[in-house]
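One structure below.
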Amino acid sequence: MTRPAIRPGNTGAGTPNTGTKLEHRRPPLKSASCNDLGEAHIDRRHTLAGWVGRRRDHGGIIFVDLRDRSGVVQVVFNPELAPDAYRTAEQLRSEWVIEVQGDVARRPPGSENPALPTGTIEVIAREVRVLNSSLTPPFYITDEVEADESLRLKYRYLDLRRPEMQRNLILRHQVVKYIRDFLDSRGFLEIETPILIKSTPEGARDYLVPSRLQKGSFYALPQSPQQLKQLLMVAGVEKYFQIARCFRDEDLRADRQPEFTQLDLEMSFVDQEDVLALTEELYTGMIESLTPEKKLIKPFPRLPYAEAMARYGSDKPDLRFGLEMTDVTDLAGETEFRVFRSTIEQGGIVKGLVAPGQAHYTGSDLRRLEETAREFGAGGMSHLRLQGDGSLENLSEENILLSPGLRMPAEWSRRLAARMGAQPGDLILLMAGPANRVNLWLSAMRNYLGERLGLIDDQLLSFAFLTGFPLFDWDETNGRWDSSHHPFTAPADGKEPLLDGAELGNIESKAYDLVCNGSELASGSIRIHRRELQEKIFAILGYSKEQVEERFGHILEAFEYGAPPHGGIAPGIDRLVTILAGADSIRDVIAFPKTQSGADLLFGAPAPVDAAQLRDLSLRLVE
Ligand code: ASP
């Protein structure tokens, strides 16, 4: 293989005259980072440093993929040009740390790698220095590798070397920086609040920290800085934010972590629309500048909770596709179908959705779909296949295929189809049961079909604000009222008198959520800022006067010293970055996450402690 001669000269001591900001980006030992190099650097000498990725020995010439944070560049060791460097290269193994001095050259025609940003060039090594060796890593450090996640978490420092993970860390940094710059430009102050505090309820279990100095007493880690930010409003701060760590001892689900990060913000002298407008501006600006390849629908729709439940069966609907639902309880009541009749007699509903163009489903397709519905918890699912084409009015009896049990004339099917907006060629799916259950099952089916029918545009971020949530939910298990959001949320304007009535479940609140592609990304509310109203809410939630005084006395008292009207929101950072990065799990955008069972596999936390530590805290473990 003939290689172009290298013109000696620039030793890489200074910044090459390329107009890039290499000088500021690279660590001091290097003259450039791997990914900075391109055709503009050809014939220049550079000093690089990083990790040995793949090493290939091609009959007398050794190729090393040198990787650093910026990316990868190919380094060539030629025994004739640099015999010492070549001999060292023979020893190199995966993940050794090296410093290489060499000359940038165009790759010989035919050997370019279009998959690599630096794929048209390579670095012809002159000198190499081993900075450190490495054990053979437990998995290859590449994006293609599908290592077991527990292994990745145990060796997180190796997992984080993978380019995809580096990209996620960079994106996360950019998101947080964008937030800080944006809010600074709007007059917000970033203020830290304590981690060792007293319970501030968000509906989860607290993490407790025993006090050594006050034996028998405990701090609680904040589930969010909720009360602290409200106290900052009483303190006259007017606009506060914090990139806040929150701690909630919950059973973990795929998109939850015991500690997670929120952008926590609060403003005085605002109403709901002010908070939503600011949040919308922040999100659209951030996404358009950081991930311009994503598509947004602007402005973000404001969707009342009741409407979201009716149309999508969910308070975090995926709005990237339609498949809206229709309540057909009245039409179902006309049938003799046992399941429908008994559901309706027990106060339940019949609701369905239309899978457009899917009337061709066979009996076994439908059985499989019903099986899926059962996995979502549904007892079953009925269907109508509207075969043929043309208009609905002319659809004949033999073209309407009903699920067994639904023996109804064509006229009924046509009325049902018209109500649901179905056309010949469509498949109608119906579920029956208690309203909250039907919504749950049918929205799972809706999400399943959205995916399965290919209705989802991967680049689309479909945001919406949900508004008008109920103030209280009935907690079946404990037989009491619970705050739907949290106890500090204000009732909607004019609804306060209803707090003295019996219909507590029908009181609208000033809480709102931001949802995107089927996930909740933020929630917030306009707050209560008067003591009597806050006390009334605590009483409805079942707190005794003593409990209220003991747990919330400080904030109630603060409300008596000129608390301004205020409200805020708290967008989750982990989920947002997951969506922007297109990552599979929030664990992929958190540097050191915990497993589903709350374990840190790298440190081995949680872990037992010494008897002496327990003694210091006056704690004894019970069997
Ligand atoms: N503190 C609330 C939460 O963490 C958000 C808010 O009301 O601002 O969900």
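We did not get these values from a lab; they are worked out from the coordinates using the rules stated. Everything quoted here is computed from the prediction, not taken from an experiment. For neighbour counting, all protein chains shown are included, and Cβ atoms are generated from backbone atoms with ideal geometry for every residue, glycine included.
To check my understanding: the extent here is largest minus smallest coordinate of the Cα atoms along each principal axis. What are those three numbers for the chain, in Å, largest first?
Extents along the principal axes: 90, 76, 54 Å.
Give me the Debye-computed log₁₀ of I(q)/I(0) at q = 0.22, 0.32, 0.33 Å⁻¹ for segment 106-150, equal point scatterers on Cα only, no solvent, two decimals.
-0.93, -1.07, -1.11
Per DSSP helix of 4 or more residues, -39500 (n - 2.57); summed, then divided by the residues of the chain. What does that give at 222 nm, rounded to the nearest 500?
Roughly -8500 deg cm²/dmol at 222 nm, from the helical runs in the chain.
Using the 10 angstrom Cβ neighbour count as an exposure proxy, how do CYS516, CYS34 rank, fewest first?
Ordered by Cβ neighbours within 10 Å, fewest first: CYS516, CYS34.
When LEU392, LEU208, LEU427, LEU158 are ordered from fewest to most other Cβ atoms inside 10 Å of their Cβ, what list results?
Ranked by crowding around the Cβ, least crowded first: LEU208, LEU392, LEU158, LEU427.
Among VAL339, GLY542, HIS554, which residue has its Cα furthest toward the positive end of the charge dipole of the chain, with +1 on Lys/Arg Cβ and -1 on Asp/Glu Cβ?
HIS554
Tell me the label-point distance for the pair THR477, GLN459, using the 7 Å Cα-to-Cβ offset, in nm and rounded to one decimal.
About 4.4 nm separates the two model spin labels.
Which whole-Hz couplings ³J(HN,Hα) result when phi for each residue of segment 459-474 is put into the Karplus expression 6.51 cos²θ - 1.76 cosθ + 1.60, θ = phi - 60°, listed in order with x for Gly and Pro?
Running phi through 6.51 cos²θ - 1.76 cosθ + 1.60 with θ = phi - 60° gives 8, 8, 10, 9, 8, 7, 9, 9, 10, x, 5, x, 6, 10, 10, 7 Hz.
In whole Hz, with x marking every Gly and Pro, tabulate ³J(HN,Hα) for segment 319-335 from phi via Karplus 6.51 cos²θ - 1.76 cosθ + 1.60, θ = phi - 60°.
The phi angles translate into 9, 6, 9, x, 6, 6, 9, 9, 7, 10, 4, 5, 5, 5, x, 7, 8 Hz.
If you take the charge dipole of segment 65-158 about its Cα centre, with +1 on Lys and Arg Cβ and -1 on Asp and Glu Cβ, which of TYR86, THR118, LEU135 is farthest toward its positive end?
Comparing the listed Cα positions along the dipole, LEU135 ranks first.
Once label points are set 7 Å from the Cα along Cα→Cβ at both GLU307 and GLU560, what is their separation, rounded to one decimal in nm?
Each label point is offset 7 Å from its Cα along the Cβ direction, giving 4.3 nm.
Using +1 at the Cβ of each Lys and Arg and -1 at the Cβ of each Asp and Glu in the chain, identify which of ILE400, ALA591, PHE77 lies farthest towards the dipole's positive end.
It is PHE77, whose Cα lies furthest towards the positive end.
Place a point 7 Å from Cα of THR329 in the direction of its Cβ. Which residues in segment 498-541 have their backbone N less than 16 Å from it?
Only 506 fall inside the zone, counting backbone N under 16 Å.
Over all directions, average the projected area of the Cα convex hull of segment 501-599 and note it in nm².
Spelled out: convex hull of the Cα atoms, projected over all directions, averaged, 9.9 nm².
For GLU496 and LYS294 in one chain, what is 0.36 nm times their gap in residues minus the Cα-Cα distance, to one decimal in nm?
That pair, GLU496 and LYS294, stretches by 68.5 nm at full extension.
So for each of 283-291, 607-615 I average, over its residues, the number of other beta carbons within 10 Å; can you give me the resulting order with the highest mean first?
The most tightly packed comes first, giving 283-291, 607-615.
Would you please give the residues with an amide H less than 5 Å from that of LEU303, counting only those at least 5 places away or on a separate chain, with H modeled from the backbone geometry?
HN-HN under 5 Å from LEU303: PHE465, LEU466, THR467.
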